[in-house]
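> Quick one: this structure, given as structure tokens, is what I'll be asking you about.
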Amino acid sequence: MNKAKSAADPIALPAGLPSVDRLIKDNRLADLSDRVGRICLVEAARAVLEEGRRSLLAGGRIDPDGLVDRVAAHVAAATASSLRPVLNLTGTVIHTNLGRASLPEAAVEAMAQAARQPVDLEYDLSAGRRGNRDSHLEARIVALTGAVAATVVNNNAAAVMLVLNTLANRRAVPVSRGELVEIGGSFRLPDIMRRAGARLVEVGTTNRTHLRDFEEAMETRPALVLKAHTSNYAVVGFTEAVPEKELAALCRRHAVPFCVDLGSGTVIDLERFGLPHEPTVQETLASGADLVTFSGDKLLGGPQAGVIAGRSDLVARIRKNPMHRAFRLDKLRVAALDATLALYSQPEKLAETVPTLRALARPLPDIRAVAERIAAGLERAAPDRWHVAVADCYSQIGSGALPAEALPSVAVRLTPQFGRSKMGKRAAGRALRDLAAAFRALPVPAVGRIGEGAFWLDMRCLETPEPLLDRIGDLDWPAPP
Ligand SMILES: *Cc1c(COP(=O)(O)O)cnc(C)c1O
């Protein structure tokens, strides 16, 4: 092992601390040593002894009997996964910071299978030579959307980048000023365009853009016209946008490809689930879009991916861009997306089989039933001064779908009863943040949201109460101020 480290051992031995060797030979660590091996145990013992040494130097005391437990705890921390399952009780169904879509069971199985063994990812079994990675997905996307061709890359941001870089490097791309979107802070359309090499030509105004504005923009001899779905905001009031059909016709007259970044991009009519209409990929292509880009892990409910669907000559050019290779999918996500898309051939089953759609279509009484059980459990456990109630609330789809629409939902609402004075308000605010932290400190962290003087746990994404109910006893309630 590391010489410097071993040489440091002797000075790490003030009175009261054993040597690394003696510590790891403790009988109580024998099983652990078998399980994780000597190197891992030595690292943990070193770290524990170093902590002990510092504590002694700082005038503290150590409990020699506690060292073994500390070593076991260090090993547990070193071997635990950093990525932890959480309960999404935020009310945002497609939550980017919480990993977006929970995958359909069929996709999880397909992914596990592809993970364990070699697969014909890019191998043509009938010809016995190199095949095409897109072949697994293209036929399904074509069948679902009515596109002629399709390719799939790492995410939708990559899809947009690739379309622009392939078709519009060093050339003009008109975009309506009402559609220069920023999504999640790191996807800002003007920045992406610049990095892709395209020259942004701003068209119209923030609230109103007319066909004649695009007609004028044709004088810049654009490489393509881009329409971005204004997915996380709505321009309301005195507004005008050019209908896709008209814009598509104008583009066709000038032989300029018309590309639409749909973002969420659903391939089914969400009205079937009682949700407001969201433009589908099919409709957009039928309106005359030459290429459509959309995410795999938003409304589609699959793994992170970016789909580019449309004209075959354009898709062929995109495939030849070296960036396509840099943005390609690995076998796990090809497997997961393939399995997710396969579920769309059984449309009546989607509200069961695709968790994202299941959460969005979930009947209110189901959500309320879970909220009531959780509320009852919290009521029993809550110290005085915390008021627990079942309350109506609104969930949102998240990740930019249907921005102006909210989904009625049911939450458990916790309110601190710490007085109404200015001091009381500040104390209540602190208590709310402490309570939110306590829920996040549970073995399976529960993430809620603070608003309107309360802590809210939206039950839309909690299918059964047990994962939270069984852990309420572990909650470390904040002490009243
Ligand atoms: C979400 C979104 C993107 C980015 O997609 P990712 O899959 O997150 O990379 C791009 N454009 C629009 C309109 C979006 O809604």
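The values are calculated or read from the model by the stated rules, or taken from the named source; none is laboratory data. What you see is a predicted model; the values in this text were computed from it and never measured. Every residue, glycine among them, receives a Cβ derived from its backbone with ideal geometry; neighbour counts consider all protein chains shown. To get the accessible areas, we keep the full protein, side chains included, count just its heavy atoms, and leave off ligands, DNA and RNA. Shrake-Rupley method; radii C 1.70, N 1.55, O 1.52, S 1.80 Å.
> Among DSSP beta bridges lying fully in the range 105-353, give the percent that are antiparallel, nearest 5.
Working: 14 of 29 bridges.
Beta bridges within the range 105-353, antiparallel portion: roughly 50 percent.
> Just how far, in whole angstrom, is the range 421-454 from the range 192-211 if you go by their alpha carbon centroids?
42 Å
> Using a ≥ b ≥ c from the Cα gyration tensor of the chain (square roots of the eigenvalues), is it rounded, prolate or oblate, where a/c under 1.5 gives rounded and otherwise the larger of a/b and b/c decides, a/b for prolate?
Cα axes put the chain in the prolate bin.
> Can you compute the FRET efficiency between T79 and D476 using 1/(1 + (r/R0)^6), with r the Cβ-Cβ distance and R0 = 25 Å? Round to the nearest 0.05. Write down the numbers at each step before the final one.
Values: r = 25 Å, r/R0 = 1.00.
It comes out at approximately 0.50.
> For E452 and D434 in the same chain, what is the full-extension length gain: residue separation times 0.36 nm, less their Cα-Cα distance, in nm? Please report the intermediate quantities before stating the final value.
Numbers: separation 18, 0.36 × 18 = 6.48 nm, distance 1.60 nm.
Residue separation times 0.36 nm, minus the Cα-Cα distance, leaves 4.9 nm.
> For the range 199-263, what % of the accessible area comes from carbon and sulfur atoms, probe 1.4 Å? Working shown, then result.
Values: 1660 of 3330 Å².
Roughly 50 percent, rounded to a whole number.
> To continue, here is another question. Show T353, T96, T145 ordered by accessible area, largest first, where the area counts protein heavy atoms only and the probe is 1.4 Å. Don't skip to the answer; put the middle values down first.
Details: T353 45, T96 75, T145 10 Å².
Ranked list, largest accessible area first: T96, T353, T145.
> Applying the Karplus parametrisation 6.51 cos²θ - 1.76 cosθ + 1.60 with θ = phi - 60° to the phi angles of the range 252-264, what ³J(HN,Hα) value in whole Hz is obtained for each residue in order, glycine and proline being reported as x?
Karplus-based 3J(HN,Hα) across the range 252-264 equals 5, 4, 9, 6, 10, x, 9, 10, 10, 8, 7, x, 5 Hz.
> Further, regarding this structure: Of the options S102, V175, L144, report the single residue whose Cα projects farthest towards the positive end of the charge dipole of the range 76-186 (beta-carbon charges: Lys, Arg +1; Asp, Glu -1).
So the residue furthest toward the plus end is V175.
> Calculate the dipole size of the range 20-77 relative to its Cα centre from +1 charges on Lys and Arg beta carbons and -1 charges on Asp and Glu beta carbons; express the result in debye to the nearest 20.
Numbers: 10 positive and 10 negative charges, 31 e Å.
It comes to approximately 140 debye.
> Separate question: What FRET efficiency do you get for R199 and L125 if R0 is 51 Å and r is their Cβ-Cβ distance, rounded to the nearest 0.05? Provide the component values of the computation, followed by the final result.
On the way: r = 45 Å, r/R0 = 0.88.
With R0 = 51 Å, the Cβ-Cβ based efficiency is 0.70.
> Which of H387, G451, L475 sits closest to the plus end of the dipole of the range 324-481, meaning its Cα is farthest towards the positive end, when Lys and Arg get +1 and Asp and Glu get -1 on the C-beta?
G451
> Moving on. Please work out how much length the chain gains when fully extended from E51 to E271, using 0.36 nm per residue of separation minus the C-alpha to C-alpha distance, in nm with one decimal. Walk me through the intermediate numbers first.
Details: separation 220, 0.36 × 220 = 79.20 nm, distance 5.95 nm.
Extending this stretch completely gives an extra 73.3 nm.
> Using the alpha-carbon centroid of each, what span in Å lies between the range 233-281 and the range 309-329?
One Cα centre to the other: 23 Å.
> To the nearest 20 debye, what is the magnitude of the charge dipole of the chain about its Cα centre, counting +1 on the Cβ of each Lys and Arg and -1 on the Cβ of each Asp and Glu? Present the calculation step by step, with values, prior to reporting the outcome.
Values: 61 positive and 55 negative charges, 296 e Å.
With Lys and Arg at +1 and Asp and Glu at -1, about 1420 debye.
> From largest accessible area down, sort I39, I268; use a 1.4 Å probe on the protein chains. Let's see the in-between values first.
Numbers: I39 115, I268 15 Å².
Listed by decreasing accessible area, they come as I39, I268.
> Roughly how many nanometres apart are two label points built 7 Å out from the Cα toward the Cβ at E379 and A115?
Result for the modelled spin labels: 4.1 nm.
> For the range 20-77, with all protein chains present and a 1.4 Å probe, just round the carbon and sulfur fraction of the accessible area to a whole percent. Before the final figure, lay out the partial values.
Numbers: 1800 of 3640 Å².
C and S atoms contribute 50 percent here.
> I need the phi-derived Karplus couplings for the range 187-204: 6.51 cos²θ - 1.76 cosθ + 1.60, θ = phi - 60°, integer Hz, Gly and Pro marked x.
Using θ = phi - 60°, the values come out as 10, 10, 3, x, 5, 4, 5, 4, 5, 7, x, 8, 9, 6, 10, 6, 10, x Hz.
> Which whole-Hz ³J(HN,Hα) couplings does the range 29-42 yield from phi under the Karplus relation 6.51 cos²θ - 1.76 cosθ + 1.60, θ = phi - 60°, glycine and proline marked x?
9, 4, 4, 4, 4, 4, 6, 9, x, 5, 4, 5, 5, 4
> Which residue, T340, F238, F187, has the largest displacement toward the positive end of the dipole of the chain when charges sit on each Cβ (Lys, Arg +1; Asp, Glu -1)?
So the residue furthest toward the plus end is F187.
> Subtracting the Cα-Cα distance from 0.36 nm times the residue separation, let me have the gained length for E105 to R208 in nm, one decimal.
Numbers: separation 103, 0.36 × 103 = 37.08 nm, distance 4.44 nm.
Length gained between E105 and R208: 32.6 nm.
> Within the range 83-101, which residues have the backbone N less than 14 Å from the label spot 7 Å out from V444 along Cα→beta-carbon, could you tell me?
84-89
> Within the chain, what percent of beta bridges assigned by DSSP are antiparallel, to the nearest 5?
On the way: 31 of 49 bridges.
DSSP beta bridges in the chain are roughly 65 percent antiparallel.
> Name the residues of the range 172-211 whose amide N is less than 20 Å from a point 7 angstrom out from the Cα of E246 along the C-beta direction?
174-180, 202-211
> With +1 on the Cβ of every Lys and Arg and -1 on the Cβ of every Asp and Glu, and nothing else charged, how large is the dipole of the range 86-218 about its Cα centre, in debye rounded to the nearest 20?
Values: 15 positive and 14 negative charges, 80 e Å.
With Lys and Arg at +1 and Asp and Glu at -1, about 380 debye.
> State the percentage of accessible surface on the range 341-467 attributable to carbon and sulfur atoms; use a 1.4 Å probe and exclude ligands, DNA and RNA.
Working: 3100 of 6100 Å².
Here it works out to 51 percent.
> Okay, moving on. Quick one: accessible area per residue over the range 143-217, 1.4 Å probe, rounded to a whole number of Å²? Could you put the intermediate results ahead of the total?
Working: 3230 Å² over 75 residues.
It amounts to 43 Å² per residue over the range 143-217.
> Which chymotrypsin sites (Phe, Trp or Tyr not before Pro) from the range 192-257 combine a DSSP loop assignment with at most 13 other Cβ atoms within 10 Å? Spell out each step's value before the answer.
Numbers: sites: F214, Y233, F238; in loops: Y233, F238.
Passing both the DSSP loop test and the Cβ count: Y233, F238.
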